[in-house]
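Worksheet: one structure, shown below.
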Amino acid sequence: MSILMQLVVSGMAVGMIYGVIAFGYQLTFATSKTLNFGQGEALMLGALVGLTAINFLIGQSLGTFWAYLLMLPIVLAFGALQGTVVEWLGVRQAIKTKSEAGWIMATIALGIIFKNVAENVWGRDALKFPSPLPEASLSFWGIRIQPMEIAIVIGAVGMMLAVEFFNRRTILGKAVVATANDRDAAGLMGIDTAKVITFSYALSSMTAAFAGVLVAPVTLTGATMGAVLGLKAFAVAIIGGLSSGLGVVVGGLILGVTETLTGYYISTGYKDVPGLVLLLLVLSLRPSGLFGKATIKKV
Amino acid sequence: MLHIENLVASYGNVRVLHDITLTVPKGKLVALIGSNGAGKTTTLRAISGMLAPESGSITLGGHEIAGLPSYEITRFGLAHSPEGRRVFATLPVRDNLLLGAYPRLTGARARGDVDADVERMFELFPRLRERSDQLAGTLSGGEQQMLAMARALMLNPEVLLLDEPSMGLAPRLVGEVFSIIARLKEANITMLLVEQFAAAALEVADFGYVLENGNITLSGDAAMLRNDPAVRDAYLGGSH
Ligand SMILES: Nc1ncnc2c1ncn2[C@@H]1O[C@H](COP(=O)(O)OP(=O)(O)OP(=O)(O)O)[C@@H](O)[C@H]1O
Ligand SMILES: [Mg+2]
């Protein structure tokens, strides 16, 4: 029993990471009906930029914890900029010409380019990311948890709540929701919907970059870290539905926990399988996701 | 106030508006009538930038607005209550109203007192006050129509475009909508009204235009059009 609980708890942190990345997919899908298939690379770039920033700050004789906190705004700003670039180069034209598939190819291509750039700047090796919190596990009723895993859950939930608060409480957030509801009608309200779409790409990459520096201290950092995470989060976005914030959290947790269970009871070699099986199951049984209404067209 | 000259517009290769010339003077109510598919909605869409016109000129208070994106046209004071209501379904009534004032809240238009205007809308449409926290998507059709009109008014517009505000409403509500339009007219709001109830529209309007297959075929004083035998036969028969 306690082994099972341990596995569930361990699966939660990585599940929340899937959830945050999937949340990022939702942000752009809501406003533009397009996705950034390079979302995993946005996470990877965020983590690597964060690594450079935190190492620089530690070099200024800051403690790891403060260096980590100071690094966060740099990474968030970088993520927003990176998302803006993706929208300008890869998506804007496709939306204008109402191209059905242009943005798919363009965002995949940009993802590959980002990965190559990262390999050249940071090398091909996996790098250790300094942990801002003690790495020794805490023990609650016999279940061991790393402090950073708790931080991941808090950070991920906090990020999503912050976006939710922005959408509900501020007029700019309401403009985003209006654009997601009905783009033409939002235009009639005086909302520059093209800007809103750019903004949602910026926000989406920002959440991915943030997820990158959340997960980096408990994994390793490197140019290849994004691909698998991005793909699994895509599965989560489909499982949870592309329109439900709660859906991606639950979907992420389901996937994260199933993976640790598979890794323990079957074999770590099959760890990546359950996500894809879940994806296939949901796609065939409930194409709109477990929680969602919107279906994604032709993807 | 709003002046349209030689407007031509198409959907793809299909030309829908051939040569529209039309004027809405300041403070007046102009009715645009015509049978289904004549191009009334398309005319309003071209004015508000939902559809880029092929050629022609549209000026609002002296500014050329033809071909500008909707959000810029709105900033010149054009409000459009579109066909099919198009309220923001997942937002509450109050937020829909605030979004109507978006250019005012973001500095693109004179701000004025937005809260007082929300209050004014609740007085004009008491049903909306009762439902101010309800999601717009769960309102009845009639309530959504009221919301679409109120949301457009929240701009404090120079010109208000109304596309079939009575569509799908019960007869009693249709009367209510027309009495609200009459009140807006008393408040000197400049309006271009598209209506299926041509008789009622010409009753409240100052001027009228008749649109047929993308061409203006008749125009003039609303009272004159009401008594025109051709108009009576084609548009007013039985719709009262
Ligand atoms: N999005 C569109 N794509 C192609 N054709 C369209 C589109 N919208 C309208 N049309 C065509 O343009 C013509 C004019 O349509 P419009 O909606 O302006 O008519 P209307 O006068 O508003 O009619 P109704 O009284 O039924 O609302 C019609 O023949 C219609 O089929
Ligand atoms: Mg119409």
Which of these, B:THR59, B:THR43, B:THR74, has the largest mean-square fluctuation under a Gaussian network model of chain B (Cα springs below 10 Å)? B:THR59
In chain A, whole DSSP H helices that both stretch 27 Å or further along their axis by alpha carbon positions and average at least 0.0 on the Kyte-Doolittle scale are A:2-32, A:39-59, A:64-86, A:102-122, A:147-169, A:193-215, A:245-265
Between B:SER140 and B:TYR11, the two model label points (7 Å from Cα along the beta-carbon direction) sit apart by a distance in nm of 3.1
Fraction of beta bridges assigned by DSSP in region B:130-240 that are antiparallel (%, nearest 5): 55
With θ set to phi - 60° and the Karplus curve 6.51 cos²θ - 1.76 cosθ + 1.60, what are the ³J(HN,Hα) couplings of region B:93-109 in order, to the nearest whole Hz, using x for Gly and Pro? 3, 4, 5, 4, 5, 4, 5, x, 9, 3, x, 6, 6, 10, x, 7, 9
Ranking B:ASP113, B:ASP163, A:ASP192 from most to least accessible area with a 1.4 Å probe gives B:ASP113, A:ASP192, B:ASP163
Residues listed by number, region A:142-165, amide nitrogen under 19 Å from A:SER2 label point at 7 Å toward C-beta: A:142-147
Please give every one of the aspartates and glutamates within straight-line cross-link reach of A:LYS98, meaning a C-alpha to C-alpha distance under 18 Å, and leave out same-chain neighbours fewer than 8 residues apart. A:GLU87, A:ASP182, A:ASP184, A:ASP192
Heavy-atom accessible surface, probe 1.4 Å, ligands and DNA/RNA ignored: which residues of region B:88-130 lose at least 50 Å² versus the isolated chain? B:PHE88, B:LEU99, B:TYR102
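Could you state the accessible area per residue of the protein assembly as shown in Å², with a 1.4 Å probe and every protein chain left in place?
43
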In deg cm²/dmol, rounded to the nearest 500, the helical mean residue ellipticity at 222 nm of chain A, built from -39500 (n - 2.57) for every DSSP H run of length 4 or more, is -24000 deg cm²/dmol
Estimated FRET transfer efficiency when R0 is 56 angstrom, pair A:LYS271-B:THR23 (beta carbons, to 0.05): 0.20
Listed residue (B:ALA46, A:PRO134, A:VAL20) projecting farthest to the positive dipole end of the protein assembly as shown, Cβ model: A:PRO134
Explain nothing, just the number: relative contact order of chain A, from Cα pairs under 8 Å at least 6 residues apart, as a whole percent. 35
What is the dipole size for region B:63-146, taken about its Cα centre, with +1 at each Lys and Arg Cβ and -1 at each Asp and Glu Cβ, in debye to the nearest 20? 80
If the label point sits 7 Å along Cα→Cβ of B:ASN213, residues of region B:14-45 with amide N under 16 Å come out as B:14-20, B:34-40
Only loop residues by DSSP count here, and only those with at most 16 other Cβ atoms within 10 Å; note down the trypsin sites (Lys or Arg not before Pro) in region B:1-70 that meet that. B:LYS26
Pairs from A:LYS33/A:LYS271; A:LYS195/B:LYS185; A:LYS195/B:LYS26; A:LYS96/A:LYS232; A:LYS33/A:LYS96 whose Cα-Cα separation, in the structure shown, is over 24 Å: A:LYS33/A:LYS271; A:LYS195/B:LYS185; A:LYS195/B:LYS26; A:LYS96/A:LYS232
Out of A:SER204, A:SER131, A:SER243, any idea which swings most in a Gaussian network model of chain A, alpha carbons joined below 10 Å? A:SER131
Taking θ as phi - 60°, what are the ³J(HN,Hα) couplings along region B:31-40 by the Karplus curve (6.51, -1.76, 1.60), each to the nearest whole Hz, with x for Gly and Pro? 9, 10, 10, x, 6, 4, x, 5, x, 5
What value, in deg cm²/dmol to 500, does the helix sum -39500 (n - 2.57) over DSSP H runs of n ≥ 4 give at 222 nm once divided by the residues of chain B? -9500 deg cm²/dmol
Suppose a student asked you for the relative contact order of region A:122-169, using Cα pairs under 8 Å spaced at least 6 residues apart; what percent would you report? 22
Long-range HN-HN contacts of B:ALA31 with modeled amide H, under 5 Å: B:LEU193, B:ASP206, B:PHE207, B:GLY208, B:TYR209
What dipole magnitude, in Debye to the nearest 20, does the protein assembly as shown give about its Cα centre under +1 on Lys/Arg Cβ and -1 on Asp/Glu Cβ? 880
Charge dipole of the protein assembly as shown built from unit charges on the beta carbon (Lys, Arg +1; Asp, Glu -1), centred at mean Cα; most positive-end Cα among B:LEU184, B:LEU147, A:VAL236 is A:VAL236
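Report the accessible surface area buried between chains B and A, summing both sides, using a 1.4 Å probe on protein heavy atoms only, in Å² rounded to the nearest 100. Write out the running numbers ahead of the final one.
On the way: alone 10590 and 14280 Å², together 23070 Å².
It comes to approximately 1800 Å² buried between B and A.
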Signed unit charges on C-beta, dipole axis of region A:49-171, positive-most listed residue A:ILE74, A:PHE165, A:VAL153: A:PHE165
Taking only Cα atoms and a 10 Å spring cutoff, compute GNM fluctuations for chain A and point out the largest among A:PHE199, A:PHE56, A:PHE210. A:PHE56
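So if each residue of separation counts as 0.36 nm, and I subtract the Cα-Cα distance between B:ALA52 and B:MET224, what length gain in nm does that give?
Length gained, B:ALA52 through B:MET224: 58.6 nm.
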What fraction of the DSSP beta bridges in the protein assembly as shown is antiparallel, stated in percent and rounded to the nearest 5? 60
Pull up all non-local amide H partners of A:LYS271: gap of 5 or more, or a different chain, and H-to-H distance under 5 Å with H placed in the peptide plane. none
Once amide hydrogens are built 1.01 Å from N within the peptide plane, the residues lying 5 or more places from B:GLU212 or on another chain with amide H under 5 Å from its amide H are B:THR217
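The values are calculated or read from the model by the stated rules, or taken from the named source; none is laboratory data. Since the model is a prediction, treat every value here as computed from it, not as a measurement. Ideal geometry is used to build each Cβ from the backbone, glycine not excepted, and the neighbour counts take in all protein chains shown. Side chains are part of the model used for accessible areas, which takes the heavy atoms of the whole protein and leaves out ligands, DNA and RNA. Shrake-Rupley method; radii C 1.70, N 1.55, O 1.52, S 1.80 Å.
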